[in-house]
1. For region 1-23, what are the residues that are out of contact with any helix residue (DSSP H, G or I) (no Cβ under 9 Å at 6 or more places or on another chain), open to solvent by less than 100 Å² (accessible area, probe 1.4 Å) and within 28 Å of Met82 (Cα to Cα)?
2. Kindly state which helices (runs of 4 or more DSSP H) lie completely within region 19-131 and contain at least 3 residues that are small (Gly, Ala, Ser).
Amino acid sequence: MKKFVAEFKQFIARGNVMDMAVGVIIGGAFSAITTSLINDIIMPILGIFTSSVSFAQLSITINGAVIGYGNFIQAVLNFLIMALVVFCMIKAINSFHKKKETPPAQAPAPPKPSAEERLLAEIRDLLKERS
């Protein structure tokens, strides 16, 4: 039991856990914003085309069982919009980091061979031709 508690303390003390906690809190707030966007803006616009203000009220009754598929549609839309926004944010952050990085320095061109080196190369080539 002591080993378990020690491992748990070590896990909690890591910086990644704090980053994750902040991410969960911000994600919860972001979820509330996304839900409001869907419920207050997107759903009324879609309601114009479906003759219904909210998808949450859409349902089918089969043999006395009510299947509320509207809530599912709304949850899927919440997920897709949230995934789209997160994708756009990550894409923007990645492009910012690419701009921030400096391009690698190019290696200087090798110096031109000296007259002596060119003469030696010519002699080498002539010897190769003779053999």
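The values are calculated or read from the model by the stated rules, or taken from the named source; none is laboratory data. Please read these numbers as outputs of a predicted model, since none were measured by experiment. Here the Cβ is made from the backbone with ideal geometry for all residues, glycine too, and neighbour counts use every protein chain on show. The area values use the complete protein model at the heavy-atom level, side chains included, leaving out ligands, DNA and RNA. Shrake-Rupley method; radii C 1.70, N 1.55, O 1.52, S 1.80 Å.
1. Selection gives Gly15, Ala21, Val22, Gly23.
2. The qualifying helices (runs of 4 or more DSSP H) are 69-100.
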